[in-house]
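Beneath this line is the structure, given in structure tokens, with notes to follow.
The values are calculated or read from the model by the stated rules, or taken from the named source; none is laboratory data. Not measured: the values here are computed from a predicted model. In this analysis, Cβ positions are derived from the backbone assuming ideal geometry, glycine residues included, and neighbour counts consider all displayed protein chains. Side chains are part of the model used for accessible areas, which takes the heavy atoms of the whole protein and leaves out ligands, DNA and RNA. Shrake-Rupley method; radii C 1.70, N 1.55, O 1.52, S 1.80 Å.
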Amino acid sequence: MAALLTGVTSCKEGKTQDENPFFAIEEWTTPYGVPPFDQIKAEHYLPAFERAMALHEAEIDAIVENNDEPTFENVIEAYDAVGDMLYQVNLIFGMVSAAEMTDELQQIMEQMMPRLAAHGDKIGMNEELFKKVKTIYDQRQSLSLREDQLRLVEKIYEEFVRSGALLEGEKKERLKAINEQLSLLTVKYGQNLLKENSKYELLLSNSDELAGLPNGVKEAAKTAAEAAGYKEKWLFTLSPSSMIPFLSYSTRRDLREEIYKAYTLRGNHDDELDNKALIEEFVKLRIEKANLLGYKSFAHYVIDEQMAGTPEAAYELLEEVWTPALERAKEEAAEMEALLKADDPSATLASWDWWYYAEKLRKKNYSLDEEMLRPYFSLENAQGGIFFLANRLYGITFRPINVPVYHKECSAYEVLDIDGSHLGVLYFDYHPRAGKGSGAWCGYFREQSYKDGKRVAPVVSIVCNFTRPTSSAPALLTIDEVETLFHEFGHALHFLFHDVKYRSLEAVEGDFVELPSQIMENWAFEPEMLKQYATHYRTGEVIPTALQDKLRRSSLFNQGFATTELVAAALSDLDIHTLEQMPEDFEVNAFERKMLNENRGLISQIEPRYRYTYFRHIFDGGYSAGYYFYMWAELLDKDAFEAFKESRDLFDRSIAEKFRREVLARGGEAPGMTLYRNFRGQEPSKLPMLKGRGLVSEPEPEVVEAEPIEMPDPNDF
């Protein structure tokens, strides 16, 4: 490996060594210390990783070789502070490669993932270092430590134990080999999926193929085709911002079937991009890893350090939601089947029909077509909405700034605290393109930290795949895209508000991490919020009250489907990761069908939100044995939002400040439930979550109908 790296970098060694911006990472003179993306090139990453790992090892050696008696300061605090350059390089590389993957970056990832895994193992299984950590851990109750310092000692000790520090001999070596193999599988799985997402195109060329599609959807597809080099064509891809509108409006059932099957069969074609064999290897290795570390299954290993504590607790929550959600979904399917039979008496409702007939049903039951709403949800207005909400709740403001960006479509803002002081920097990267991963996420190029007693502000980024603007209209968002923006913005606020002294205490439990994001979704369509940002992109008219009422009354529409597909994916994740040994006859698709369709009764008209072959969260992300996190956090976010509703002021500054102080600012300085109780003053209730999903009934509040208004024709947009 060392020889290979030398070969890759030696031809440019002189220039790279002198000009590699990562080598001057402590001296960056960019505004607010953001990464100098205009200087960083792919060729810089390998040398930067090399130097950063060497520096990290030297810093670890300094702790180990210190002959002074072990203390909290020279062991625990020292360990928490080392590896800064490696941490920064890895953050930047990870964020850029996820949003702007190239062949060069893929090659670097293939080389570095196993090396980084080995580097982590070398430190996590360093016996002399662990002895010093254990010395402090054993003495912790007698060291007069602050609460956060005690938490730090325990977290670091647990980190070493979970990394295999207590293993000996062959077991320790086997764990190292497993971690290296898992890192390679992760890279391969992600690359296969990225290629699968990119290669499919539904290219249309005549009006018959476009039947049923609103003008705005057609114009977006034509713009996409032109960008891809096609003339007089309309292009649809597997990006949800392209696929979902097609599924919702196209009258061509055969084309709906084609694009939806292309989506649900990703990584499942028995070709060079097939992920089934990789998944089987993932499962084998994860079971073995868990067993080596003393756990019955990989799920037990993962969830042991989460709020849920055990897979059984996670299952209990999911099963409580599953049964009523599935029953509701069956009722929804029956209504849609009736509409389908009216179109074609011989047809049977299939999964690729759901969006089309759901949209018909929404229009029939609520006189609401989502295309009516999109003109009121331009991306610019939605961004203004999240800025308004953050200002009302927390007093913070956002100022556009000119800083280096990794892609020309990115924009950046300085975030100013209520007193005008610098809180952080926030990037936005909104639209799909080749090389960008699917979905939406929020991460950081620099995490909040403390240096020489002063807070180092974070540099945060929100990355999405939203509908693009066209030649005649700005980017007009769907309801789902609006919710996604509020969701990711919640993650961003969490990172921006962090005020944690120790890096090892930044992270919260996985099933807590979605609380700060999901709570923001609760405001998105409240009337008080809508009148602030939901204005027609042409006329500036605020979304009419009658349309708001339709939106409110339809808020529980299709919730059976939405909840079932989400919980199906979470159960599927737990099912495969609670295996205590690999079945001899294991086959990925058969296992999935048996657990979901045969054992739990999932109807054929609904696919789980993610099938194993494209379930990136659990095979190329941080949610393995943890996709249940979303439902667990929803229990918390709905209960937390009740605090604002109970105050009769959804923008109550005092409640928001308490949420910031007790939840958002503290990172992982205390267990998640402790943080939550400190904010709420009580245990969370499941009832708001169940009501929010429409799984328990409550009396419908009396609504005074607004004067009827003439609705715009969706085909105008």
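Worth a mention:
- Test: residue in the stretch 176-191 that is within 30 Å of Glu73 (Cβ to Cβ), β-branched (Val, Ile, Thr), modelled with pLDDT of 95 or more and under 29 Å from the mean Cα position of the chain (by Cα): no
- The residue that is farthest from the chain's Cα centre (by Cα), counting only those in the stretch 553-564 that are at pLDDT 95 or above and outside any loop (DSSP other than H, G, I, E, B), is Gly560.
- Selection of the stretch 449-477 for residues being modelled with pLDDT under 95, within 26 Å of the chain's Cα centre (by Cα) and open to solvent by less than 40 Å² (accessible area, probe 1.4 Å) yields only Thr467.
- Residue in the stretch 522-544 that is within 21 Å of the chain's Cα centre (by Cα) and either free of Cβ contacts under 8 Å to residues at least 60 places away in the same chain or open to solvent by less than 20 Å² (accessible area, probe 1.4 Å) (or both) present: yes
- Note on the stretch 668-684: residues that are in a loop (DSSP other than H, G, I, E, B), open to solvent by less than 50 Å² (accessible area, probe 1.4 Å) and not hydrophobic (A, V, I, L, M, F, W, C) amount to 3.
- Helices (runs of 4 or more DSSP H) fully within the stretch 576-667 counting 3 or more residues that are surrounded by fewer than 23 Cβ atoms within 10 Å (Cβ to Cβ) and not basic (Lys, Arg): 588-593, 629-646, 653-659
- Qualifying residue in the stretch 398-409 (condition: more than 30 Å from Glu77 (Cα to Cα), crowded, with 19+ Cβ neighbours inside 10 Å, among the acidic types (Asp, Glu) and touching a strand residue (DSSP E or B) at 6+ places or on another chain (Cβ under 7 Å)): no
- You will find that of Ile462, Ile479, the residue that is more than 23 Å from Gly668 (Cβ to Cβ) and of a type in the set (Val, Ile, Thr) is Ile479 and no other.
- Within the stretch 637-658, residues that are among the aromatic types (Phe, Trp, Tyr) sit with their Cβ atoms under 8 Å from residues that are open to solvent by 50 Å² or more (accessible area, probe 1.4 Å), at 6+ positions apart or across chains, in these pairs: Phe651/Arg392; Phe651/Glu528.
- Residue that is surrounded by the fewest Cβ atoms within 10 Å (Cβ to Cβ) [pool: residues in the stretch 152-175 that are within 27 Å of the chain's Cα centre (by Cα) and within 21 Å of Glu73 (Cα to Cα)]: Glu158
- Checked against the criterion of being farther than 21 Å from Glu305 by Cβ and touching a Leu at 6+ places or on another chain (Cβ under 7 Å), the stretch 172-184 has at least one qualifying residue.
- Some residue of the stretch 234-249 being open to solvent by 60 Å² or more (accessible area, probe 1.4 Å), in a loop (DSSP other than H, G, I, E, B) and either in contact with a helix residue (DSSP H, G or I) (Cβ under 8 Å, 6 or more places away or on another chain) or touching a residue at least 12 places away in the same chain (Cβ under 8 Å) (or both): no
- Residues (among the acidic types (Asp, Glu) and either in contact (Cβ under 8 Å) with a residue 40 or more places away in the chain or surrounded by fewer than 16 Cβ atoms within 10 Å (Cβ to Cβ) (or both)) located in the stretch 410-448: Glu414, Asp419, Asp429, Glu447
- Residue count for the stretch 210-233, restricted to those that are open to solvent by 30 Å² or more (accessible area, probe 1.4 Å), part of a helix (DSSP H, G or I) and either of a type in the set (Phe, Trp, Tyr) or in contact with a strand residue (DSSP E or B) (Cβ under 7 Å, 6 or more places away or on another chain) (or both): 3.
- Selected residue (only one of Leu46, Leu5 is buried (at least 16 other Cβ atoms within 10 Å of the Cβ), under 27 Å from Gly435 (Cα atoms), aliphatic (A, V, I, L, M) and at pLDDT 95 or above): Leu46
- Within the stretch 55-147, helices (runs of 4 or more DSSP H) holding 2 or more residues that are out of contact with any helix residue (DSSP H, G or I) (no Cβ under 8 Å at 6 or more places or on another chain) and buried (at least 20 other Cβ atoms within 10 Å of the Cβ): 84-99
- Qualifying position, being farther than 22 Å from Ala569 by Cα and in contact with a strand residue (DSSP E or B) (Cβ under 7 Å, 6 or more places away or on another chain), among Ser198, Ser207, Ser242: Ser242
- Some residue of the stretch 488-505 being touching a helix residue (DSSP H, G or I) at 6+ places or on another chain (Cβ under 7 Å), over 21 Å from Phe388 (Cβ atoms) and open to solvent by less than 20 Å² (accessible area, probe 1.4 Å): yes
- Glu258, sole failed condition from (1) modelled with pLDDT of 95 or more; (2) assigned to a helix (DSSP H, G or I); (3) under 21 Å from the mean Cα position of the chain (by Cα): (3)
- Residue count for the stretch 518-546, restricted to those that are part of a helix (DSSP H, G or I) and under 13 Å from Phe377 (Cα atoms): 5.
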